[in-house]
1. Quick one: which residues, 5+ away or cross-chain, put their amide H under 5 Å from the amide H of Leu110? H built at 1.01 Å from N.
2. Arg612 to Lys431: FRET efficiency via 1/(1 + (r/R0)^6), r the Cβ-Cβ distance, R0 51 Å, to the nearest 0.05?
3. Provide the gained length on full extension for the span Glu88 to Arg386, in nm with one decimal, where the gain is 0.36 nm per separating residue minus the Cα-Cα distance.
4. Between Arg56 and Arg589, with labels modelled 7 Å along Cα→Cβ, what's the label distance in nm to one decimal, could you check?
5. How much net charge surrounds Ala325 when only the other residues with a Cβ under 12 Å from the Cβ of Ala325 are counted, with Lys and Arg +1 and Asp and Glu -1?
6. Using the beta-carbon distance between Tyr210 and Lys162 and R0 = 25 Å, what value does 1/(1 + (r/R0)^6) give for FRET efficiency, to the nearest 0.05?
7. Provide Arg163, Arg213, Arg626 ordered by accessible surface of protein heavy atoms (probe 1.4 Å), highest first.
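The values are calculated or read from the model by the stated rules, or taken from the named source; none is laboratory data. Nothing here was measured: the structure is a model prediction, and the numbers come from that model. All Cβ positions, even for glycine, are placed from backbone atoms using ideal geometry, and neighbour counts span all protein chains on display. Surface areas here come from the heavy atoms of the whole protein model, side chains and all, with no ligands, DNA or RNA. Shrake-Rupley method; radii C 1.70, N 1.55, O 1.52, S 1.80 Å.
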Amino acid sequence: MADPSSYRPKPGQIPDSPGVYKFRDQHGRVIYVGKAKSLRQRLSSYFQDLANLHQRIRTMVTTAASVEWTVVTTEVEALQLEYSWIKEYDPRFNVKYRDDKSYPSLAVTLNEEFPRVQVMRGPKRKGVRYFGPYAHAWAIRETVDLLLRVFPVRTCSAGVFKRSAQIGRPCLLGYIGKCSAPCVARVSAAEHRELAEEFCDFMAGRTGTYLRRLEQQMRDAAAAMEYERAARLRDDIEALKRAMEKNAVVLADATDADLIAVAEDELEAAVQIFHVRGGRVRGQRGWVTDRVEEVGTAELVEHALQQLYGEEQGEGVPKEVLVPALPEPCEPVQQWLTERRGSQVSLRIPQRGDKKDLMATVQRNAQQALALHKTRRASDLTTRSRALEEIAEALDLDSAPLRIECFDISHLQGDDVVASMVVFEDGLARKSEYRRFQIKGFAGQDDVRSMHEVVSRRFRRYLLEKQKTGEWVDGDGGSGATGAGGDAGGDAEAAGGPVDPDTGRPRKFAYPPQLVVVDGGQPQVAAAQRALEELGVEDVAVCGLAKRLEEVWLPGEDDPVILPRTSEGLYLLQRVRDEAHRFAIAYQRTKRSTSMRAGALDSVPGLGESRRQALLKHFGSLKRLRQATVEQICEVPGVGPRTAEAVLAALAGAAPAGPAVNTATGEIIEEEGTAGPVTVLMERGHD
């Protein structure tokens, strides 16, 4: 625990101007980012008697080891720089909103030649128009199904689109009139893009003009006695009206606004956002956060605005943002939103009428979300703290293991042996610091030897980082990383210590854990402990969690430690172990799919990707290519007699022992670009 007076700036050093400041810990990691209208006044408030500080602020200033600041011209610049640094450094003491679920959005890929309508989750992509987010994916699909009757935009994947273009036949949607079939040139690219833009206009709320135009076309068709066309237009109008009814009108037709409500208690806060476009609620989403810093409702709202609009531009920021409390001061935030939209944005608290009533609805949703979150999450501060304390007590550790690393070995019947390392800090997964390993020291299956290699490689890199900063040398005064050689790869190439001086981000393997968990029993634990002892690492505890009875094994002990089944500590160890197993299996599957894609033609010298594709396209399958003669193969452009002979020799050596079988249906599968039979393999993780 640091004394804030040890790094307090001298009187007169801090400027009395707007700026952004960063607190760093003893390792150089940024742990808090803040902005201030007056840096001198704000920073001085941190360096007072600890007894007068809020508990969370007291924890932050005693964890920090230094403070630095950047002066800016205006408060708007301070807001922008604060947002950028929070996104870059991910400080542990800042408010960090996390989605309580991954909300789907309706997306139109206008960045493609033939735009596609689809359901999307995750970060937004450039050139894609988004609508929502929606609470459920099925709500999007119902809306799209109704609108495709009027706006038959492409919804198929790239593979289906390409396949239809090759065979000259559209998919089922093209036959039933729910796709304009640009894949077979029923409409041009320009006509299809116009359909996609009309679809976007309708979803954006500009519905009245389009409906009136369709009604006029229906009347004109009836007057011209084109009754079938008039009936079709009538049905289109009904479909559009049904789609509109799914979003109830809550405000005036021209209203584009986002309503933000906050529900909070001493430890956590929940935020709910309703997106209103064209007077209708078009989307809803929610966030929750641990209140790790002392903030009020106004500051929570400001953080929510940064999170919501930090990556948005243009129409992504609405004309009006309604909030329960205005940030202080309000003008810089409003100016920042205006700059991101490109036109005036109103930021205010609704006082009366429909907007106030709708805000009350959003507030009720926020309160319900907070209550639900507390009942279903086991990651709140109290539970996590209890779990870490139980682990420390059971393993006889000096303090709670705030950083836990877990290793797991995975292979496929002895082939493609890989390992994973997952990191949990303060009881929560730190996915940005996960690592994957390929076993390089030997061939074959040996879980114990693999565990020794992986733990050795991880801590060699840690010691190399310490060596570069001068923090660690061995007893002879030499480098304690002797013998690491090139094992550290590129992870320790750059000098300057565990934190990159340019980005402020931690280097790979720069921080040691307090506890290493291995997936396995006594042999795996002994291997990990032996790896640490060989490297001279003495301040890291080791344990293993065996799947059979969920017993915890310690180095040198003949009997395991048994934690109660209801123990929060055991639950945390299980989550860490299961996450390592999942990460290892995912990596192993990636390697397996890569190796299985390699066919017999890949081994033919001088035969590149283009000519391999040309051969398969010419003959249609490997079976027909295997039956061809040298003269027939030479008919493919770019393939000569010597290459043709090499192709036949390679295919003869890889001839299948029998036909491939679809295990789900029992059908015989004719080869189409694969080089051998389908083999059913058992995927194993280490136990």
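1. The answer is Arg129.
2. Values: r = 37 Å, r/R0 = 0.72.
Taking R0 as 51 Å, the efficiency between Arg612 and Lys431 is 0.85.
3. Working: separation 298, 0.36 × 298 = 107.28 nm, distance 3.06 nm.
Result: 104.2 nm gained on full extension.
4. With each label placed 7 Å out from Cα toward Cβ, I get 3.8 nm.
5. -3
6. Values: r = 32 Å, r/R0 = 1.27.
E between Tyr210 and Lys162, to the nearest 0.05, is 0.20.
7. Values: Arg163 140, Arg213 110, Arg626 60 Å².
These residues rank, largest area first, as Arg163, Arg213, Arg626.
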